[in-house]
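The values are calculated or read from the model by the stated rules, or taken from the named source; none is laboratory data. Note that the coordinates shown come from a computational prediction; the quantities given were computed from them, not determined experimentally. Heads up, the Cβs are rebuilt from the backbone with ideal geometry, glycines too, and the neighbour counts pull from every protein chain shown.
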Amino acid sequence: MRYRRDEFEEWVEDAWNSIPEDIRAQFSNIVIFVEDEPSAEQLYAGGVLPGGTLLGLYEGISLDRRGWHYQMALPDRVTLFQGPLERYTRGDIRQGIYRTLWHELAHHLGMNEAQVRAAEKRKFSRPRPMRLR
């Protein structure tokens, strides 16, 4: 299904706002974009094999690699790709947006792909506790 761009971008903003404030405060000099599809350059940068695609991409200097010399740098970019997310997200598109944003932001914090995948497994595979009144 194809969603309107403004609706999709609103869901990206909702995903950002659903990250706890104390964690959001750790992010620095970063911008989130929505694009229709990844470019050939982005696919290459993401290490995607022919025929594959990306749901999101982090481009920048992760927080753990920034030193005293990190000054006046352009913002890091997190790009979410609307077309692939719409095609490949199983279930709720909003959950797919949240998980993809979470994944790319983890790279900004300095996690490599293996570390992100392990953290995703811990975060998204455990049952959520029930709230009792």
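The conditions are (1) closer than 21 Å to Phe81 by Cα; (2) out of contact with any helix residue (DSSP H, G or I) (no Cβ under 7 Å at 6 or more places or on another chain); (3) modelled with pLDDT of 80 or more; (4) not charged (D, E, K, R), and Gly91 fails exactly one of them. Which is it?
It fails just one condition, (3).
Considering only region 29-46, state which residues are within 23 Å of Asp14 (Cβ to Cβ), of a type outside the set (A, V, I, L, M) and not in a loop (DSSP other than H, G, I, E, B).
Kept after step one, since they are within 23 Å of Asp14 (Cβ to Cβ), are these residues of region 29-46: 29-38.
Of the ones still in play, those that are also of a type outside the set (A, V, I, L, M) are 29, 33, 35-38.
Selection gives Phe33, Glu35.
Count, please, the residues in region 1-55 that happen to be of a type in the set (S, T, N, Q), without any contact (Cβ under 8 Å) to a residue 60 or more places away in the chain and under 14 Å from Ile97 (Cα atoms).
Total satisfying the criteria: 1.
State all residues of region 52-100 that are surrounded by fewer than 18 Cβ atoms within 10 Å (Cβ to Cβ), β-branched (Val, Ile, Thr) and within 17 Å of Val31 (Cα to Cα); if no residue qualifies, say none.
Residue satisfying the conditions is Ile61 alone.
Could you please find all residues in region 40-59 being in contact with a strand residue (DSSP E or B) (Cβ under 8 Å, 6 or more places away or on another chain) and not hydrophobic (A, V, I, L, M, F, W, C)?
Once the filter is applied, which keeps residues that are in contact with a strand residue (DSSP E or B) (Cβ under 8 Å, 6 or more places away or on another chain) and not hydrophobic (A, V, I, L, M, F, W, C), region 40-59 yields Gln42, Gly46, Thr53, Gly56, Tyr58, Glu59.
Can you pull out the residues in region 50-73 that are over 14 Å from the mean Cα position of the chain (by Cα) and not in a loop (DSSP other than H, G, I, E, B)?
Leu63, Asp64, Arg65
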